[in-house]
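The next block holds one structure in the form of structure tokens; read it before the comments.
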Amino acid sequence: MNNNESFVQIGMFTFALLSTIFNIFMFCYIGDLLKERCQRVGIACYAIEWYRMPSRKALELLMPMAMSQYPMTLTAGKMITMTLSTFSDILKTSMAYFNLLREFSSRDITRT
């Protein structure tokens, strides 16, 4: 507002920021659901009395049981997992960054 931006520019910036935050939230929510469902499959496989089943059927449960030890996750660039806790960390970090930018820009305005 101090640099004579029009309300259209501020509105477009706000819209772009909100849509980006919403997209990140959706990816993190879907990643959290995926991880939870994979863990449920593993728990269900372990809960089955597989030792009483015919050996052929019990062998078919071996792969899902092994894969459930490492649940599927969505990752961002194979660096961080996309979960709701990651989303909150992203929001905290970005708000700290915006606060830092605001502080430095206000210092520049007061010096000139």
Which condition breaks for M72 when tested against (1) open to solvent by 90 Å² or more (accessible area, probe 1.4 Å); (2) in contact with a Ser or Thr (Cβ under 6 Å, 6 or more places away or on another chain); (3) not aromatic (F, W, Y)? (2)
Checklist (1) among the polar types (S, T, N, Q); (2) on the phi < 0 side of the Ramachandran plot; (3) modelled with pLDDT under 85 applied to N4, failing item: (2)
Can you tell me which residue in region 28-49 is nearest to M79 (Cα to Cα), limited to those that are surrounded by fewer than 16 Cβ atoms within 10 Å (Cβ to Cβ) and not aliphatic (A, V, I, L, M)? Y29
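Given K78, K92, which one is modelled with pLDDT of 85 or more, exposed (fewer than 10 other Cβ atoms within 10 Å of the Cβ) and not β-branched (V, I, T)? Break it down stepwise before answering.
Numbers: K92 fails: exposed (fewer than 10 other Cβ atoms within 10 Å of the Cβ).
Testing whether each residue is modelled with pLDDT of 85 or more, exposed (fewer than 10 other Cβ atoms within 10 Å of the Cβ) and not β-branched (V, I, T) leaves just K78.
The values are calculated or read from the model by the stated rules, or taken from the named source; none is laboratory data. The structure displayed is predicted, hence computed values, not measured ones. Neighbour counts run over all protein chains shown; Cβ positions are idealised from the backbone, glycine included. Protein only, heavy atoms only, side chains kept; ligands, DNA and RNA dropped before computing areas. Shrake-Rupley method; radii C 1.70, N 1.55, O 1.52, S 1.80 Å.
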